[in-house]
Structures are given as C-alpha cells and as structure tokens.
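The values are calculated or read from the model by the stated rules, or taken from the named source; none is laboratory data. Note that the structure is predicted; figures quoted are calculated from it, not measured. With ideal geometry, Cβ positions are generated from the backbone for all residues, glycine too; neighbour counts draw on all protein chains shown. Note: accessible area is taken over every heavy atom of the protein model, side chains too, but ligands, DNA and RNA are not part of it. Shrake-Rupley method; radii C 1.70, N 1.55, O 1.52, S 1.80 Å.
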Amino acid sequence: MITGRFAPTPSGRLHLGNLLCAMLAYLSARSQGGRFLLRIEDIDLPRCPRRLSLQCIEDLQWLGFTWDEEPLWQSERGHIYQHYLEELTKQGLIYPCFCTRAQLMASQAPNLGDTQVVYNRACASLSGEDIARLSQTRSPALRLRVPDAEITFTDGLFGAQRENLARDCGDFILRRSDGLFGYQLAVVVDDALSGVDQVVRGRDILSATPRQIFLLEMLGFPVPEYVHIPLLMDSQGRRLAKRDKDLDLSALSRRFTPAQILGMLAHSAGVIEENRPMTLEQLIPLFQWDKVKQADVRLPEMEAVHG
Ligand code: GLU
C-alpha cells in the first residue's frame, strides 16, 4: 500500500497552488488504495504561527480531505532532526560554516542567480583551533559536505533527472546559525520515519530533490517515488503568489463551495474534461497520472467558475 502526503508550510492562508498539490497528492494515494498523511511544515515557527496552521487544517477539512494519522508538526520535532544531524556528523559529513551573508554573496560566481550560491568551501577545512576561535564571536551554520557525484532519479511527470551535487549545488546548510534546522533535513527525516513512499509536490522543489536523495542515502533510508507537478498560473498566465489574496481560501470560501473549487482545479489540471463541481470522493475513481501534463496549469477566470 502506498503512503502519500501533503506537507504545507503555513506562512499564509492556503491558496489554489497549494490546493492543487494537496488534491493531486490525495487523489494519487487514494486512487491506489493508499494512505494519506498531513504534515505541518511550521519549523520556522515565527513565520508559521499556530493560528495559520490550525486554519490550514480547517481549510483542508472544509474541502473534504481526510488523513490517516494525527498530523505531524515539524516545530515539535527538533530533537529528532538533531539525532539525524548527529548521525551525519559521525560520518564526517558535517562541518561548521562561519561565513556571513556578505561573504557568501561576494564569493558568488557571476553567472548564478542570487537564489542558489554554490558554496566556495571557505570553511570546509578549518582546523580545530580556527573553529574554537571563530566560535567565540559567531555561532556557525552546519553544512553537509556533498560529493562530486551525479544523483539520478526518474520523476513521475518530468522524467529522467540528474545533478552533480558538488558542481550544481554545493555543500548546503542543514542547520542555520540561529539553530533552525534546514528544510531538506526535516523533509527527508519526516518522510522516511512516517513511511511516505510517494512524494507529490510542486515542480519548484524538483531542483532540491537530488539533495534530498543524497541525504536519504547517507541516512540509510529508502528513496520514495517522486512526482513533481506543474505550477498553477492565473488566467493571465502569471504564476500565483501569496500576494494574490483573491485566490486564497479566505476569499474563495466566501464565493465558492468546496466542490466548485475542487472541480475547477481538477478540470484545469486535466483530471476531468468538464469544469463542474466535484467532491474528492467523486474524483478518486477518475484520477490517473497520465491525464496530468507537464505544462503549467492555467486557471479559468474565477468569474467563469459556477455551479
Ligand atoms: N513545505 C513545502 C512547501 O509548502 C513542501 C515540501 C514538500 O512537499 O516536500 O512548499
């Protein structure tokens, strides 16, 4: 039996992009008779206050989602991430990094965007003395040493993928200098410990997957099946963003029923041919991955969505 999951970061109200992901993850798991789990990725608690997490759960329930266990709350699992960080430390894969943001930006290769910096390994071979001296003035981030090796996998929708970790990604941070665990470690540990073997999520995370596979392998966990899904665009073809308040659930739930919202999303994603109200239960038998295409999903004018 497969186990799927939805793992939102509740830093705002759920919007249609999150819902598309929740819906496809849910339909995929349930249509195969599988289990479905909910994980609240509120590891950055100041950005994801409890109020928003509870709202997210309430919104999912309003839409008819069910899950098979109590939701996991990442903000409560720091001791577990610490345990696995220590495992990696024992393997010699972790080193402290004292670089400031300014230093990191200055070392950046000119052809890379500012979102991804291949770390220049300035701190990769500090001596014990250096570390002791630097620790007096600054608490370090902890980085994972990645090999000069290709990670390959086949995405359910986007096909064969490969990345050389050292060249394309670089040593990445598993714990920030303020003590916050990085997203990559938390996701990997949580998916593995909860038995998730099918990960469905937005294609914006496709590029992080090789890092996660490497972590899984180093920790001795099995690698799940990955299906990255297209992004959702508004009716003008622009990517949805948290600023599009009219497409978040507080606005939508005032204008539409759950079945109208789900039917419209399922239609936009290719799961059903006609745009008509549908419950999750009704969508389960109609779901097949080969109906979902790689191309970004364009929403209709919301005015055109009716019962
Ligand atoms: N929490 C992430 C997000 O909301 C998704 C993580 C995942 O699905 O692996 O973007």
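Can you say what percent of the DSSP beta bridges in segment 1-151, counting only those with both residues inside, are antiparallel? Round to 5.
Percentage antiparallel, nearest 5: 40.
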Between D204 and L134, with labels modelled 7 Å along Cα→Cβ, what's the label distance in nm to one decimal, could you check?
3.2 nm
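At 0.890 mPa s and 25 °C, plugging the Kirkwood radius over alpha-carbon pairs of the chain into Stokes-Einstein gives what diffusion coefficient in µm²/s? Please list the in-between numbers first.
Details: Rh = 20.8 Å.
Translational diffusion coefficient: 118 µm²/s.
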What length, rounded to one decimal in nm, is gained on full extension from L286 through to S75, with 0.36 nm per residue of separation minus their alpha-carbon distance?
72.3 nm
Any idea how far apart D296 and M105 come out in nm if each label point goes 7 Å out from Cα toward Cβ?
2.7 nm
Projected convex hull area of segment 179-285, Cα atoms, direction-averaged, in nm², equals 9.4 nm²
For a Förster distance of 30 Å, can you work out the FRET efficiency between the beta-carbons of A122 and E217, rounded to the nearest 0.05?
0.70
Summarise the accessible area of segment 1-73 (1.4 Å probe, protein heavy atoms) by the percent that is carbon and sulfur.
51 percent
Grab the other residues whose beta carbon is less than 11 angstrom from that of R77, score K and R as +1, D and E as -1, and report the net.
-3
Hits in segment 34-76: amide N under 19 Å from the 7 Å Cα→Cβ extension of D178, namely 41-53, 74-76
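Give the accessible surface of the chain per residue, rounded to a whole number of Å², with probe radius 1.4 Å and ligands, DNA and RNA excluded.
On the way: 14540 Å² over 307 residues.
Heavy-atom accessible area per residue stands at 47 Å².
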Using only DSSP helix segments of four residues or longer, with each worth -39500 (n - 2.57), what per-residue ellipticity at 222 nm results for the chain after dividing by its residue count and rounding to 500?
-9500 deg cm²/dmol
Highest-first arrangement of 176-185, 25-34, where packing means the average Cβ count within 10 Å
25-34, 176-185
Return the unpartnered cysteines for the chain, using a Cβ-Cβ cut-off of under 4.7 Å.
C21, C48, C56, C99, C169
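Please list 146-158, 51-63 highest first by mean number of surrounding beta-carbon atoms within 10 Å per residue.
The most tightly packed comes first, giving 51-63, 146-158.
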Inverse mean reciprocal Cα-Cα distance (Kirkwood Rh) of segment 41-187, Å
18.0 Å
Starting with the highest mean, order 122-130, 67-75, 232-240, 210-218 by the number of other Cβ atoms within 10 Å, averaged over the residues of each peptide.
210-218, 67-75, 232-240, 122-130
